[in-house]
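Below you'll find the structure, written out as structure tokens, and then a few comments.
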Amino acid sequence: VSQDRLLELARAAHVRGWTWATSGNFSCRMPGGIAVTASGRDKGRLGPADLVLLDDGGLPLERNAPPASAEAPLHLAIYRLLPGAAAIAHTHSLASVVLSRRHAASGAVELAGYEMLKALSGVTTHEHSERVPIFANTQRPETLGEPLARALKEHPIHGFLVEGHGLYTWGRSFDEAGRHLEALEFLLECRLKESP
Ligand SMILES: [Zn+2]
């Protein structure tokens, strides 16, 4: 059932145009580890064979499994830092990529005054400023655990951007992860279309 929900989350992100050209990756907690999308798969045509089971150390739990997403180590780092997270969504949407470059120097995108902020768990009013931190891109994604740990100590956050790369968000359930993804993508799109 978890695998079905995970495939649903990934396909839904694809049809919205947030995972171009096989980009993006999605995962959920499983007993003994996580399920994560395999490397290089078209997110619009995912099936059960496109998911890989990894243990908490990132090793495959099944023989002959395809290679997991290269960003699986970052998913594992996020689960270690956020024990309540049940699922993680990572997209390469246009809004997240453009804004992560535009605001890289300030280290964050501020989202304030939008009614949609209330779709983020714990936010009860539009009079809220959501700080989405931006981390420098790297080909060693597991190293982003460090800046993420620092950001989590400063503010409650619902996601983060990687510069020139995309958005990571999560939830305590599939429903919450999907809602956070839709809300953040919507808010980032609003921000993109407004003046810098
Ligand atoms: Zn990525």
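Numbers below:
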item	result
One residue from SER2, SER23, SER39 being of a type outside the set (A, V, I, L, M, F, W, C) and within 13 Å of the chain's Cα centre (by Cα)	SER23
Single residue of the range 6-48 satisfying the filter (charged (D, E, K, R), in a loop (DSSP other than H, G, I, E, B) and surrounded by fewer than 16 Cβ atoms within 10 Å (Cβ to Cβ)) that is farthest from the ligand (Cβ to nearest atom)	ARG45
Within the range 104-127, considering residues that are touching a Lys or Arg at 6+ places or on another chain (Cβ under 8 Å) and surrounded by fewer than 17 Cβ atoms within 10 Å (Cβ to Cβ), the one nearest to TYR79 (Cα to Cα)	SER121
When residues of the range 73-91 are limited to those that are of a type outside the set (D, E, K, R) and in a helix (DSSP H, G or I), the one nearest to the ligand (Cβ to nearest atom)	LEU74
For ALA149: the one exception among (1) away from the ligand (no atom under 16 Å from the Cβ); (2) touching a strand residue (DSSP E or B) at 6+ places or on another chain (Cβ under 7 Å); (3) hydrophobic (A, V, I, L, M, F, W, C)	(2)
Those residues of the range 92-103 which are surrounded by fewer than 17 Cβ atoms within 10 Å (Cβ to Cβ) and more than 16 Å from the ligand (Cβ to nearest atom), in sequence order	ARG102
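Each value in this text was obtained by applying a stated rule to the coordinates, not by laboratory testing. Please read these numbers as outputs of a predicted model, since none were measured by experiment. Neighbour counts are summed over all protein chains in view; Cβ atoms, including those assigned to glycine, are modelled from backbone coordinates with ideal geometry.
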